[in-house]
Amino acid sequence: MITEWALDAYLNLKHQRVFDVKEYRTQIRPDVQLLRDGIPSPHPQFTNSKFWSPATLNKVVLAGGFKMKWHNLGPQLVQLRLPVAIESNTALLCEAYVKTNQAYEQRQLARFKAHMFLIAKGQVTYRATL
Amino acid sequence: MIPFTTTPEQRLKLAGYVVEMLKTDLDREFIAAASELAREAQGVYDLFELWATMKDDPKERDQIIADIQDLLDDYRDAPKQPLEKPYIQFDQLDDVTQRIIKEKLTLRQLIEQHGGVSAVAQKAGIPQPSLSRMLNSASMPRRSTLYKIANALDLPETTIAFEWTR
């Protein structure tokens, strides 16, 4: 599921020209669609920690929280991160951000954690299914 | 217990962060609402903790305040149960962002006519970093934020109407 929080993040990334249509269609979307097959994933990419890893904040793993990662993406060669919450075997895309520094990533993961709290209570708005 | 609930020990630490925050010029109502949420949601507590560690970085502190305000709005607007809204096709995102940016530009001009971002933020009871972030991003503005601005500036709804809102 694509949450409203994720849609909001995409709008900003699109506006900042972080990725274009080609990258979206050939890289991002195919990778994200692999989540349809559930977690743990049958796809070998998910064993590569440079692509998929548990989300951690202050060295503590966020239970049910993961990060999908792309490196040197787009014309600006950015580090794109997509925090994903797994709830009842369903993947929910929660945020999307360009990792610029550690402090920024910590803020994004704190937001992710606060959103996971709402997801656990069923209080989520979603915009599309994967 | 729901995962990511603030622990009793964290609630005690939170009291110290609130005392620090009260020494700033942040709106007291914002601090009260934010600390109440941080007592429940650990992610918000984490932002308080980050804020406390960023003593020497006012810009980063501003961003943390904007994050906390975002979460206050997220929690206030959260549906009681999962809610599906219509999707937007990827090909339409560019068009949507352009319309949002254009409308925000008009809103910014209105805000400048009424004393600028800081003055309007204060009148509307919105943290200044939060209003700045809203104006500078391509995110869909929240209707509740637009109402606060309209009420603060005594503007009719038609003047602050956006095609795309949350």
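Set side by side, the residues B:118, B:132, B:139, B:144 differ, and just one is surrounded by fewer than 16 Cβ atoms within 10 Å (Cβ to Cβ), among the hydroxyl-bearing types (Ser, Thr, Tyr) and either closer than 14 Å to residue B:70 by Cβ or in the same structural domain as residue B:57 (by TED's automatic domain parsing) (or both), which is B:144.
Exactly one residue out of A:104, A:97 is more than 13 Å from the chain's Cα centre (by Cα) and within 19 Å of residue A:70 (Cα to Cα): that is A:104. Only one entry in A:35, A:62, A:11 is within 11 Å of chain B (Cβ to nearest Cβ), surrounded by 12 or more Cβ atoms within 10 Å (Cβ to Cβ) and in contact (Cβ under 8 Å) with a residue 24 or more places away in the chain, namely A:62. Restricting the search to helices (runs of 4 or more DSSP H) fully inside the range B:3-80 and requiring at least 2 residues that are more than 28 Å from residue A:124 (Cβ to Cβ) gives B:8-22, B:42-53, B:58-77.
Condition first: closer than 17 Å to residue A:69 by Cα, within 13 Å of another protein chain (Cβ to nearest Cβ) and modelled with pLDDT of 95 or more. Can you find one or more residues in the range A:40-55 that meet it? Yes: one or more hits.
Taking the criterion of being farther than 13 Å from residue B:68 by Cα, without any contact (Cβ under 8 Å) to a residue 24 or more places away in the chain and not polar (S, T, N, Q), the residues of the range B:20-37 that qualify are B:22, B:23, B:25, B:28. Residue count for the range B:39-96 under the criterion of being in contact with a Lys or Arg (Cβ under 9 Å, 6 or more places away or on another chain), closer than 24 Å to residue A:16 by Cα, of a type outside the set (Asp, Glu) and at pLDDT 95 or above: the result is 6.
Conditions tested, residue by residue: (1) part of a helix (DSSP H, G or I); (2) within 14 Å of another protein chain (Cβ to nearest Cβ).
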{"residue": "B:104", "(1), (2)": "yes, yes"}
{"residue": "B:107", "(1), (2)": "yes, no"}
{"residue": "B:120", "(1), (2)": "yes, no"}
{"residue": "B:130", "(1), (2)": "yes, yes"}
{"residue": "B:139", "(1), (2)": "no, yes"}
{"residue": "B:146", "(1), (2)": "yes, no"}
{"residue": "B:164", "(1), (2)": "no, yes"}
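Residues are listed down the side, and each one gets a yes or a no for (1) outside the structural domain of residue B:130 (by TED's automatic domain parsing); (2) within 29 Å of residue A:92 (Cα to Cα):
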{"residue": "B:32", "(1), (2)": "yes, no"}
{"residue": "B:54", "(1), (2)": "yes, no"}
{"residue": "B:66", "(1), (2)": "yes, yes"}
{"residue": "B:83", "(1), (2)": "yes, yes"}
{"residue": "B:98", "(1), (2)": "no, yes"}
{"residue": "B:113", "(1), (2)": "no, no"}
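For the range A:88-100, the condition of being over 22 Å from residue B:88 (Cα atoms), in contact (Cβ under 8 Å) with a residue 60 or more places away in the chain and more than 14 Å from every other protein chain (Cβ to nearest Cβ) holds for none of the residues.
The values are calculated or read from the model by the stated rules, or taken from the named source; none is laboratory data. Predicted model only: the values in this text are computed from it and were never measured. Note: ideal-geometry Cβ built from the backbone for every residue, glycine included; neighbour counts use all protein chains shown.
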